[in-house]
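See structure below.
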Amino acid sequence: MQTDSSPFQGKRLPGWLILMAALTAMGALAIDMYLPSFSFIAKDLGVGSNTIQLTLSTFLIGLAFGQMFYGPISDRFGRKPPLYFGICLYVISALGCALAPNIETLLVLRFFQGLGGSAGMVIPRAVVRDKMGAEGAARAFSMLMLVFGLAPILAPFIGGLLLTFSTWRAIFATLTVFGAICLICTHRVMEETRDQAHVVPLHLGRVLRQYLDLLRHRQFMAYVLCGGLIQAGLFAYISGGPFVIIELHGIKPQNFGFVFGANAIGLIACSQINARLVIKRSADRVLGKIIWIPAILTTTVAVLVVCGYESLPLLLIGFFGFLSCHGFVGPNASAIALAQQGKQAGTAAALMGTLQFGIGMLSGVVMGLWHDGTALPLVTVMAVCGVAALLLYRYVARHTTQTVTRQA
(Lines give C-alpha, C1' and ligand atoms only; values in the text may rest on other atoms or scores of the structure.)
Protein backbone atom coordinates (compact mmCIF):
# COMPACT_ATOMS: atom_id res chain seq x y z
CA MET A 1 0.00 0.00 0.00
CA GLN A 2 1.47 3.31 -1.09
CA THR A 3 1.37 5.98 1.52
CA ASP A 4 0.11 9.42 0.66
CA SER A 5 1.37 12.28 2.77
CA SER A 6 -1.17 14.74 1.37
CA PRO A 7 -4.37 12.77 1.02
CA PHE A 8 -6.92 15.54 1.43
CA GLN A 9 -5.59 18.87 0.25
CA GLY A 10 -9.02 20.35 -0.32
CA LYS A 11 -11.60 21.39 2.25
CA ARG A 12 -13.70 18.28 1.71
CA LEU A 13 -12.75 15.30 3.85
CA PRO A 14 -12.65 11.90 2.14
CA GLY A 15 -15.42 9.48 3.01
CA TRP A 16 -13.06 6.86 4.41
CA LEU A 17 -11.65 9.35 6.97
CA ILE A 18 -15.15 10.36 8.08
CA LEU A 19 -15.85 6.64 8.55
CA MET A 20 -12.66 6.22 10.61
CA ALA A 21 -13.82 9.09 12.83
CA ALA A 22 -17.22 7.44 13.28
CA LEU A 23 -15.57 4.13 14.20
CA THR A 24 -13.35 5.93 16.69
CA ALA A 25 -16.49 7.41 18.27
CA MET A 26 -18.10 4.02 18.99
CA GLY A 27 -16.34 3.59 22.32
CA ALA A 28 -16.73 7.20 23.42
CA LEU A 29 -20.45 7.25 22.63
CA ALA A 30 -21.02 4.01 24.53
CA ILE A 31 -19.42 5.65 27.58
CA ASP A 32 -20.73 9.21 27.52
CA MET A 33 -24.22 8.74 26.10
CA TYR A 34 -25.54 6.58 28.93
CA LEU A 35 -24.00 8.53 31.85
CA PRO A 36 -27.19 10.60 32.43
CA SER A 37 -29.20 7.38 32.75
CA PHE A 38 -27.41 5.83 35.76
CA SER A 39 -30.20 6.59 38.24
CA PHE A 40 -32.87 5.41 35.79
CA ILE A 41 -31.09 2.11 35.18
CA ALA A 42 -30.59 1.60 38.92
CA LYS A 43 -34.29 2.17 39.62
CA ASP A 44 -35.47 -0.01 36.74
CA LEU A 45 -33.21 -2.96 37.61
CA GLY A 46 -33.60 -2.55 41.37
CA VAL A 47 -29.93 -2.02 42.27
CA GLY A 48 -27.79 0.74 43.78
CA SER A 49 -26.03 3.44 41.78
CA ASN A 50 -22.64 2.01 42.75
CA THR A 51 -23.61 -1.25 41.06
CA ILE A 52 -24.53 0.59 37.87
CA GLN A 53 -21.06 2.15 37.89
CA LEU A 54 -19.71 -1.38 37.45
CA THR A 55 -21.29 -1.44 33.99
CA LEU A 56 -18.86 1.33 33.07
CA SER A 57 -15.94 -0.58 34.58
CA THR A 58 -16.71 -3.79 32.69
CA PHE A 59 -17.02 -1.83 29.44
CA LEU A 60 -13.64 -0.15 30.02
CA ILE A 61 -12.00 -3.51 30.76
CA GLY A 62 -13.27 -4.90 27.47
CA LEU A 63 -12.24 -1.73 25.66
CA ALA A 64 -8.70 -1.90 27.06
CA PHE A 65 -7.91 -5.57 26.59
CA GLY A 66 -9.68 -6.01 23.26
CA GLN A 67 -7.17 -3.75 21.57
CA MET A 68 -4.35 -6.23 22.17
CA PHE A 69 -6.14 -8.83 20.04
CA TYR A 70 -7.39 -6.76 17.12
CA GLY A 71 -3.94 -5.42 16.24
CA PRO A 72 -2.16 -8.72 15.45
CA ILE A 73 -5.31 -10.16 13.84
CA SER A 74 -5.59 -7.16 11.51
CA ASP A 75 -1.91 -7.53 10.53
CA ARG A 76 -2.57 -11.16 9.56
CA PHE A 77 -6.05 -11.11 7.99
CA GLY A 78 -6.34 -7.48 6.91
CA ARG A 79 -8.12 -4.51 8.44
CA LYS A 80 -11.68 -5.26 7.36
CA PRO A 81 -12.39 -8.80 8.70
CA PRO A 82 -11.62 -8.04 12.37
CA LEU A 83 -13.39 -4.70 12.01
CA TYR A 84 -16.51 -6.50 10.76
CA PHE A 85 -16.31 -8.83 13.76
CA GLY A 86 -15.81 -5.98 16.23
CA ILE A 87 -18.69 -3.89 14.89
CA CYS A 88 -21.02 -6.91 14.84
CA LEU A 89 -20.10 -7.74 18.43
CA TYR A 90 -20.72 -4.11 19.38
CA VAL A 91 -24.13 -4.06 17.67
CA ILE A 92 -25.30 -7.38 19.12
CA SER A 93 -24.13 -6.42 22.61
CA ALA A 94 -25.77 -2.97 22.43
CA LEU A 95 -29.04 -4.59 21.37
CA GLY A 96 -28.70 -7.06 24.24
CA CYS A 97 -28.14 -4.17 26.66
CA ALA A 98 -31.34 -2.54 25.42
CA LEU A 99 -33.22 -5.75 26.24
CA ALA A 100 -31.30 -6.73 29.41
CA PRO A 101 -33.69 -8.09 32.07
CA ASN A 102 -31.28 -7.76 35.01
CA ILE A 103 -27.99 -6.23 36.12
CA GLU A 104 -26.00 -9.45 35.66
CA THR A 105 -26.89 -9.61 31.99
CA LEU A 106 -26.13 -5.93 31.54
CA LEU A 107 -22.68 -6.30 33.15
CA VAL A 108 -21.70 -9.17 30.85
CA LEU A 109 -23.03 -7.48 27.72
CA ARG A 110 -21.23 -4.23 28.52
CA PHE A 111 -17.94 -6.15 28.65
CA PHE A 112 -18.59 -7.59 25.19
CA GLN A 113 -19.70 -4.20 23.89
CA GLY A 114 -16.34 -2.80 25.03
CA LEU A 115 -14.59 -5.74 23.40
CA GLY A 116 -16.32 -4.95 20.13
CA GLY A 117 -15.84 -1.20 20.42
CA SER A 118 -12.08 -1.61 20.89
CA ALA A 119 -11.83 -2.51 17.20
CA GLY A 120 -12.81 1.08 16.47
CA MET A 121 -9.88 2.33 18.55
CA VAL A 122 -7.18 0.18 16.93
CA ILE A 123 -8.01 -0.36 13.28
CA PRO A 124 -8.67 3.28 12.25
CA ARG A 125 -5.17 4.15 13.47
CA ALA A 126 -3.69 1.29 11.47
CA VAL A 127 -5.66 2.33 8.37
CA VAL A 128 -4.38 5.91 8.67
CA ARG A 129 -0.83 4.56 8.98
CA ASP A 130 -1.36 2.32 5.93
CA LYS A 131 -2.59 5.16 3.73
CA MET A 132 -0.43 8.11 4.80
CA GLY A 133 3.03 9.35 5.60
CA ALA A 134 3.96 10.91 8.94
CA GLU A 135 2.59 14.42 8.34
CA GLY A 136 -0.50 13.20 6.50
CA ALA A 137 -1.17 10.86 9.41
CA ALA A 138 -0.71 13.69 11.91
CA ARG A 139 -3.30 15.71 10.02
CA ALA A 140 -5.70 12.75 9.89
CA PHE A 141 -5.26 12.05 13.60
CA SER A 142 -6.14 15.70 14.22
CA MET A 143 -9.44 15.06 12.46
CA LEU A 144 -10.01 12.00 14.66
CA MET A 145 -9.20 14.19 17.68
CA LEU A 146 -12.14 16.37 16.64
CA VAL A 147 -14.41 13.40 17.38
CA PHE A 148 -12.55 12.74 20.64
CA GLY A 149 -13.36 16.29 21.73
CA LEU A 150 -16.95 16.40 20.50
CA ALA A 151 -18.09 13.10 22.04
CA PRO A 152 -18.00 14.28 25.70
CA ILE A 153 -20.01 17.36 24.70
CA LEU A 154 -22.67 15.87 22.44
CA ALA A 155 -23.12 12.34 23.79
CA PRO A 156 -24.50 13.24 27.26
CA PHE A 157 -26.80 15.77 25.60
CA ILE A 158 -28.12 13.12 23.20
CA GLY A 159 -28.54 10.66 26.06
CA GLY A 160 -30.42 13.21 28.15
CA LEU A 161 -32.62 14.10 25.19
CA LEU A 162 -33.55 10.45 24.68
CA LEU A 163 -34.46 10.17 28.37
CA THR A 164 -36.97 13.01 28.04
CA PHE A 165 -39.28 10.96 25.81
CA SER A 166 -38.19 7.37 26.37
CA THR A 167 -36.36 5.07 28.80
CA TRP A 168 -32.67 4.29 29.24
CA ARG A 169 -33.12 1.36 26.87
CA ALA A 170 -33.55 3.82 23.99
CA ILE A 171 -29.93 4.91 24.50
CA PHE A 172 -28.62 1.41 23.80
CA ALA A 173 -31.08 1.05 20.92
CA THR A 174 -29.57 4.22 19.44
CA LEU A 175 -26.06 2.78 19.87
CA THR A 176 -27.29 -0.35 18.07
CA VAL A 177 -28.47 1.72 15.11
CA PHE A 178 -25.24 3.74 15.08
CA GLY A 179 -23.16 0.55 15.03
CA ALA A 180 -25.28 -0.92 12.23
CA ILE A 181 -24.77 2.22 10.14
CA CYS A 182 -21.01 1.98 10.73
CA LEU A 183 -21.11 -1.66 9.62
CA ILE A 184 -22.90 -0.79 6.37
CA CYS A 185 -20.54 2.12 5.66
CA THR A 186 -17.50 -0.06 6.36
CA HIS A 187 -18.71 -2.51 3.73
CA ARG A 188 -19.48 0.19 1.15
CA VAL A 189 -16.79 2.83 1.76
CA MET A 190 -13.71 1.21 3.28
CA GLU A 191 -11.11 -0.51 1.15
CA GLU A 192 -8.58 -3.03 2.42
CA THR A 193 -5.40 -1.11 3.24
CA ARG A 194 -3.03 -3.75 4.58
CA ASP A 195 -0.22 -4.44 2.13
CA GLN A 196 -0.85 -7.93 0.75
CA ALA A 197 2.89 -8.36 0.18
CA HIS A 198 3.59 -8.10 3.92
CA VAL A 199 1.28 -10.62 5.55
CA VAL A 200 2.32 -11.24 9.16
CA PRO A 201 1.86 -14.86 10.36
CA LEU A 202 -0.41 -15.16 13.39
CA HIS A 203 1.41 -17.27 15.97
CA LEU A 204 1.23 -16.64 19.69
CA GLY A 205 5.00 -16.71 20.07
CA ARG A 206 5.49 -14.30 17.19
CA VAL A 207 2.81 -11.93 18.51
CA LEU A 208 4.43 -11.89 21.94
CA ARG A 209 7.83 -11.23 20.35
CA GLN A 210 6.33 -8.35 18.36
CA TYR A 211 4.95 -6.80 21.51
CA LEU A 212 8.26 -7.29 23.33
CA ASP A 213 10.17 -5.77 20.41
CA LEU A 214 7.86 -2.77 20.43
CA LEU A 215 8.25 -2.39 24.19
CA ARG A 216 12.03 -2.28 23.64
CA HIS A 217 11.76 0.17 20.73
CA ARG A 218 12.89 3.43 22.35
CA GLN A 219 11.48 5.80 19.77
CA PHE A 220 8.10 4.07 19.60
CA MET A 221 7.73 3.79 23.37
CA ALA A 222 8.84 7.34 24.08
CA TYR A 223 6.30 8.87 21.68
CA VAL A 224 3.55 6.50 22.87
CA LEU A 225 4.22 7.41 26.49
CA CYS A 226 4.56 11.09 25.63
CA GLY A 227 1.05 11.11 24.19
CA GLY A 228 -0.20 8.76 26.92
CA LEU A 229 1.00 11.00 29.74
CA ILE A 230 -0.81 14.02 28.34
CA GLN A 231 -3.91 11.83 27.97
CA ALA A 232 -3.41 10.72 31.60
CA GLY A 233 -3.64 14.37 32.60
CA LEU A 234 -6.97 14.49 30.78
CA PHE A 235 -8.19 11.39 32.67
CA ALA A 236 -7.08 12.98 35.95
CA TYR A 237 -9.09 16.10 35.10
CA ILE A 238 -12.18 14.04 34.25
CA SER A 239 -11.80 12.20 37.57
CA GLY A 240 -10.97 15.12 39.87
CA GLY A 241 -12.12 18.21 38.01
CA PRO A 242 -15.80 18.09 39.03
CA PHE A 243 -14.89 17.97 42.74
CA VAL A 244 -12.38 20.82 42.50
CA ILE A 245 -14.59 23.09 40.40
CA ILE A 246 -18.00 22.31 41.93
CA GLU A 247 -17.29 21.40 45.55
CA LEU A 248 -14.23 23.54 46.29
CA HIS A 249 -14.97 26.61 44.20
CA GLY A 250 -18.75 26.67 44.20
CA ILE A 251 -19.56 26.40 40.51
CA LYS A 252 -23.14 25.19 40.16
CA PRO A 253 -23.41 21.65 38.77
CA GLN A 254 -25.56 22.86 35.88
CA ASN A 255 -22.80 25.32 34.93
CA PHE A 256 -20.01 22.77 35.08
CA GLY A 257 -20.98 21.61 31.61
CA PHE A 258 -19.97 25.00 30.24
CA VAL A 259 -16.52 24.67 31.86
CA PHE A 260 -16.11 21.15 30.53
CA GLY A 261 -17.36 22.24 27.13
CA ALA A 262 -14.90 25.15 26.98
CA ASN A 263 -12.00 22.76 27.56
CA ALA A 264 -13.33 20.41 24.89
CA ILE A 265 -13.65 23.32 22.45
CA GLY A 266 -10.03 24.26 23.18
CA LEU A 267 -8.93 20.70 22.43
CA ILE A 268 -10.96 20.64 19.22
CA ALA A 269 -9.65 24.02 18.05
CA CYS A 270 -6.02 23.07 18.67
CA SER A 271 -6.42 19.73 16.90
CA GLN A 272 -7.72 21.55 13.82
CA ILE A 273 -4.93 24.16 13.99
CA ASN A 274 -2.51 21.25 14.16
CA ALA A 275 -4.05 19.75 11.03
CA ARG A 276 -3.06 22.92 9.16
CA LEU A 277 0.35 23.34 10.78
CA VAL A 278 1.61 19.88 9.80
CA ILE A 279 1.04 20.69 6.12
CA LYS A 280 4.03 23.05 6.21
CA ARG A 281 5.94 21.82 9.28
CA SER A 282 6.92 18.34 10.42
CA ALA A 283 4.82 16.68 13.11
CA ASP A 284 7.95 16.34 15.25
CA ARG A 285 8.72 20.05 14.99
CA VAL A 286 5.20 21.05 16.01
CA LEU A 287 5.31 18.59 18.90
CA GLY A 288 8.66 19.97 20.05
CA LYS A 289 7.32 23.53 20.19
CA ILE A 290 4.12 22.64 22.06
CA ILE A 291 5.22 19.97 24.56
CA TRP A 292 6.76 22.63 26.82
CA ILE A 293 3.44 24.39 27.42
CA PRO A 294 1.53 21.81 29.52
CA ALA A 295 4.64 21.09 31.59
CA ILE A 296 5.40 24.74 32.40
CA LEU A 297 1.76 25.77 32.81
CA THR A 298 0.68 23.03 35.22
CA THR A 299 3.93 23.15 37.19
CA THR A 300 3.39 26.87 37.70
CA VAL A 301 -0.19 26.27 38.83
CA ALA A 302 0.89 23.48 41.20
CA VAL A 303 3.59 25.67 42.79
CA LEU A 304 1.12 28.55 43.27
CA VAL A 305 -1.44 26.21 44.84
CA VAL A 306 1.19 24.85 47.25
CA CYS A 307 2.14 28.44 48.15
CA GLY A 308 -1.47 29.32 48.95
CA TYR A 309 -2.33 31.34 45.85
CA GLU A 310 -5.10 29.05 44.63
CA SER A 311 -7.98 30.67 42.77
CA LEU A 312 -10.63 29.49 40.34
CA PRO A 313 -9.34 31.60 37.40
CA LEU A 314 -5.83 30.23 37.94
CA LEU A 315 -7.08 26.64 37.92
CA LEU A 316 -9.31 27.16 34.88
CA ILE A 317 -6.43 28.68 32.90
CA GLY A 318 -4.20 25.74 33.82
CA PHE A 319 -6.83 23.15 32.93
CA PHE A 320 -7.72 24.86 29.64
CA GLY A 321 -4.09 25.21 28.56
CA PHE A 322 -3.16 21.63 29.41
CA LEU A 323 -6.21 20.03 27.80
CA SER A 324 -6.02 22.22 24.69
CA CYS A 325 -2.41 21.13 24.11
CA HIS A 326 -3.66 17.55 23.89
CA GLY A 327 -5.01 18.58 20.48
CA PHE A 328 -1.40 19.03 19.33
CA VAL A 329 0.41 16.34 21.32
CA GLY A 330 -2.01 13.45 20.80
CA PRO A 331 -2.17 13.43 16.97
CA ASN A 332 1.52 14.16 16.41
CA ALA A 333 2.85 11.69 18.97
CA SER A 334 0.57 8.98 17.55
CA ALA A 335 1.60 9.69 13.95
CA ILE A 336 5.33 9.65 14.75
CA ALA A 337 5.05 6.50 16.88
CA LEU A 338 3.35 4.57 14.07
CA ALA A 339 5.34 6.05 11.16
CA GLN A 340 8.16 3.48 11.40
CA GLN A 341 6.03 0.40 12.05
CA GLY A 342 5.12 -0.65 8.50
CA LYS A 343 3.68 -4.16 8.28
CA GLN A 344 3.03 -4.42 12.02
CA ALA A 345 1.03 -1.18 12.17
CA GLY A 346 -2.00 -2.98 13.61
CA THR A 347 -0.01 -4.54 16.44
CA ALA A 348 1.72 -1.23 17.14
CA ALA A 349 -1.60 0.65 17.18
CA ALA A 350 -3.01 -1.95 19.57
CA LEU A 351 -0.11 -1.65 21.99
CA MET A 352 -0.21 2.13 21.77
CA GLY A 353 -3.92 2.26 22.54
CA THR A 354 -3.68 -0.19 25.42
CA LEU A 355 -0.70 1.53 27.04
CA GLN A 356 -2.17 5.01 26.70
CA PHE A 357 -5.53 3.84 27.98
CA GLY A 358 -3.85 2.03 30.88
CA ILE A 359 -1.84 5.10 31.87
CA GLY A 360 -5.00 7.16 31.77
CA MET A 361 -6.87 4.72 34.01
CA LEU A 362 -3.90 4.66 36.41
CA SER A 363 -4.02 8.44 36.78
CA GLY A 364 -7.71 8.16 37.66
CA VAL A 365 -6.89 5.54 40.32
CA VAL A 366 -4.19 7.80 41.77
CA MET A 367 -6.71 10.63 41.95
CA GLY A 368 -9.14 8.42 43.85
CA LEU A 369 -6.53 7.17 46.34
CA TRP A 370 -4.97 10.60 46.91
CA HIS A 371 -8.21 12.51 47.40
CA ASP A 372 -7.66 14.86 50.36
CA GLY A 373 -10.35 17.47 49.88
CA THR A 374 -8.07 19.97 48.12
CA ALA A 375 -7.03 20.82 44.55
CA LEU A 376 -3.44 19.73 45.20
CA PRO A 377 -3.76 16.09 44.03
CA LEU A 378 -5.27 17.12 40.68
CA VAL A 379 -2.80 19.89 39.83
CA THR A 380 0.12 17.75 41.00
CA VAL A 381 -0.86 14.73 38.90
CA MET A 382 -1.35 16.95 35.85
CA ALA A 383 2.00 18.67 36.45
CA VAL A 384 3.82 15.34 36.84
CA CYS A 385 2.22 14.09 33.61
CA GLY A 386 3.24 17.25 31.75
CA VAL A 387 6.83 17.25 33.00
CA ALA A 388 7.27 13.51 32.37
CA ALA A 389 5.97 13.92 28.80
CA LEU A 390 8.42 16.77 28.22
CA LEU A 391 11.37 14.75 29.56
CA LEU A 392 10.46 11.78 27.38
CA TYR A 393 10.27 13.97 24.32
CA ARG A 394 13.62 15.59 25.05
CA TYR A 395 15.14 12.15 25.56
CA VAL A 396 13.91 11.08 22.12
CA ALA A 397 15.01 14.33 20.45
CA ARG A 398 18.56 14.04 21.77
CA HIS A 399 19.22 10.31 21.76
CA THR A 400 17.22 8.82 18.90
CA THR A 401 19.33 8.81 15.77
CA GLN A 402 16.58 7.70 13.41
CA THR A 403 14.17 10.63 13.08
CA VAL A 404 10.88 10.85 11.32
CA THR A 405 11.01 13.23 8.37
CA ARG A 406 8.36 14.62 6.10
CA GLN A 407 7.26 12.34 3.29
CA ALA A 408 6.13 15.10 1.00
Fill in: Failed item in (1) without any contact (Cβ under 8 Å) to a residue 12 or more places away in the chain; (2) of a type in the set (Val, Ile, Thr); (3) under 13 Å from Tyr237 (Cβ atoms), with Thr298 passing the rest
(1)
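Yes/no per residue for (1) under 20 Å from Thr167 (Cα atoms); (2) of a type in the set (D, E, K, R):
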{"position": "Met20", "(1), (2)": "no, no"}
{"position": "Ala25", "(1), (2)": "no, no"}
{"position": "Leu29", "(1), (2)": "yes, no"}
{"position": "Ser39", "(1), (2)": "yes, no"}
{"position": "Asp44", "(1), (2)": "yes, yes"}
{"position": "Gly48", "(1), (2)": "yes, no"}
{"position": "Ile61", "(1), (2)": "no, no"}
{"position": "Gln67", "(1), (2)": "no, no"}
Worksheet item: Just checking, how many residues over the stretch 93-106 are touching a helix residue (DSSP H, G or I) at 6+ places or on another chain (Cβ under 9 Å) and surrounded by fewer than 16 Cβ atoms within 10 Å (Cβ to Cβ)?
Response: 4
Worksheet, complete the sentence: Residue set Ala42, Ala64; condition assigned to a helix (DSSP H, G or I), at pLDDT below 85 and surrounded by 17 or more Cβ atoms within 10 Å (Cβ to Cβ); output residue Ala64
Worksheet entry | Single residue of the stretch 232-262 satisfying the filter (at pLDDT 85 or above and within 16 Å of the chain's Cα centre (by Cα)) that is surrounded by the fewest Cβ atoms within 10 Å (Cβ to Cβ) | Leu234
Discussion item. Cβ-Cβ under 7 Å, sequence separation 6+ or interchain: first residue in the stretch 332-345 and closer than 15 Å to Gln356 by Cα, partner modelled with pLDDT of 80 or more and surrounded by fewer than 24 Cβ atoms within 10 Å (Cβ to Cβ). Which pairs?
Written reply: Asn332/Val286; Ala337/Phe220
Worksheet entry | Residue list for the stretch 107-123, restricted to those being β-branched (Val, Ile, Thr) and surrounded by fewer than 24 Cβ atoms within 10 Å (Cβ to Cβ) | Val108
Worksheet item: Yes or no: Gly71 in the same structural domain as Ser166 (by TED's automatic domain parsing), at pLDDT below 85 and buried (at least 16 other Cβ atoms within 10 Å of the Cβ)?
Response: yes
Item to complete: Answer yes if at least one residue in the stretch 315-327 is touching a residue at least 24 places away in the same chain (Cβ under 8 Å), farther than 18 Å from Val224 by Cα, among the hydroxyl-bearing types (Ser, Thr, Tyr) and outside the structural domain of Arg79 (by TED's automatic domain parsing), and no otherwise.
Response: yes
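The values are calculated or read from the model by the stated rules, or taken from the named source; none is laboratory data. As the structure is a computational prediction, the values presented were derived from the model and not from experiment. Glycine also receives a Cβ, built like all others from the backbone with ideal geometry; neighbour counts cover every protein chain displayed.
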